[in-house]
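The values are calculated or read from the model by the stated rules, or taken from the named source; none is laboratory data. All values reported here derive from a predicted model rather than from experimental measurement. Glycine also receives a Cβ, built like all others from the backbone with ideal geometry; neighbour counts cover every protein chain displayed. What goes into the accessible areas is simple: the full protein's heavy atoms, side chains included, and nothing from ligands, DNA or RNA. Shrake-Rupley method; radii C 1.70, N 1.55, O 1.52, S 1.80 Å.
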Amino acid sequence: PSFLVGLLTDPTRSVRYAALKAMIDGGSPDLEQALPRLLASDDPRFRTLAIQGLANLDSEEAGVYLELMLLDSDPAGRRAALAVALLMPFEQTRDLLLKYLAAETDLSMIERAGLPFKINPDLNAPYRLLELVDASVSPKSDALKSLAQGACLALERSGLLKEKSFLTFCRFWANILKTPCPASRPPRSSSSSAKIRFRRSPQSWPFFTVLI
């Protein structure tokens, strides 16, 4: 084993952390053997760093460990896992972040987790986020609506949407999402309340019909 492997058991926490980071950055051949113990560490920072190392060897397996941390009951573990998820490619973490957003209740963490959706145009993101809005109540639903609005705007600005109907979809929902969430408004009679029905188009693109 290399000198760095021995430092993983050093009594000083900062030394252990620096040794692990050096092994990951340097692509140490001894990293794979050391990972099982590190992935079971009680320290969230070590677990997340170990996940980063595992991602270099097996991204799918790393995703499994990352999901476990993102859904951990310990807020410190979730914060550490989210920090790692935000550094990974969006295509690898999109579904994990959606699962996380469905479970998280801390509004500041929801805002952080939603940042990738605002800067990475994704054709399915607005629909997936609006599904979460529909399953939530205020104030979480309001925070999720803001993320969905950002996802719509990212799509419109990206130039990925060539068809006029797609652009209309994004513009409509980017504008409609600026209004307060129905859960935060005073209740109205059933005859005047608006209901939203979600459907998929023949092209599998989600569109929304507002029924008054």
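Listing for the model above:
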| quantity | calculated |
| --- | --- |
| Meets criteria (charged (D, E, K, R), in contact (Cβ under 8 Å) with a residue 12 or more places away in the chain, more than 30 Å from Val133 (Cβ to Cβ) and surrounded by 13 or more Cβ atoms within 10 Å (Cβ to Cβ)) for Glu67 | no |
| Filter result for Ala55 (open to solvent by less than 70 Å² (accessible area, probe 1.4 Å) and aliphatic (A, V, I, L, M)) | yes |
| Output for the range 124-138, where each listed residue is over 12 Å from the mean Cα position of the chain (by Cα) and within 10 Å of Ala151 (Cβ to Cβ) | Asn124, Pro126, Tyr127, Leu130 |
| Yes/no for Ser41 being under 22 Å from Leu8 (Cβ atoms), touching a helix residue (DSSP H, G or I) at 6+ places or on another chain (Cβ under 8 Å), in a loop (DSSP other than H, G, I, E, B) and not β-branched (Val, Ile, Thr) | yes |
| Test: residue in the range 119-126 that is under 18 Å from Arg94 (Cα atoms), modelled with pLDDT of 80 or more, open to solvent by less than 80 Å² (accessible area, probe 1.4 Å) and touching a Cys at 6+ places or on another chain (Cβ under 6 Å) | yes |
| Subset of the range 58-78 that is in a loop (DSSP other than H, G, I, E, B) and of a type in the set (D, E, K, R) - its residue that is nearest to Ile24 (Cα to Cα) | Asp58 |
| So Pro29, is it outside any helix (DSSP H, G or I), out of contact with any Phe, Trp or Tyr (no Cβ under 7 Å at 6 or more places or on another chain), open to solvent by 70 Å² or more (accessible area, probe 1.4 Å) and of a type outside the set (Ser, Thr, Tyr) | yes |
| Members of the range 1-17 found to be part of a helix (DSSP H, G or I) and touching a Ser or Thr at 6+ places or on another chain (Cβ under 9 Å), listed by number | Leu4, Val5, Arg16 |
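For every residue, the table says whether it meets (1) at pLDDT 90 or above; (2) among the basic types (Lys, Arg); (3) farther than 21 Å from Leu144 by Cβ.
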| residue | (1), (2), (3) |
| --- | --- |
| Gly27 | no, no, yes |
| Arg37 | no, yes, yes |
| Ile51 | yes, no, yes |
| Glu60 | no, no, yes |
| Leu71 | yes, no, no |
| Arg94 | yes, yes, no |
| Leu98 | yes, no, no |
| Leu107 | yes, no, no |
| Arg112 | yes, yes, no |
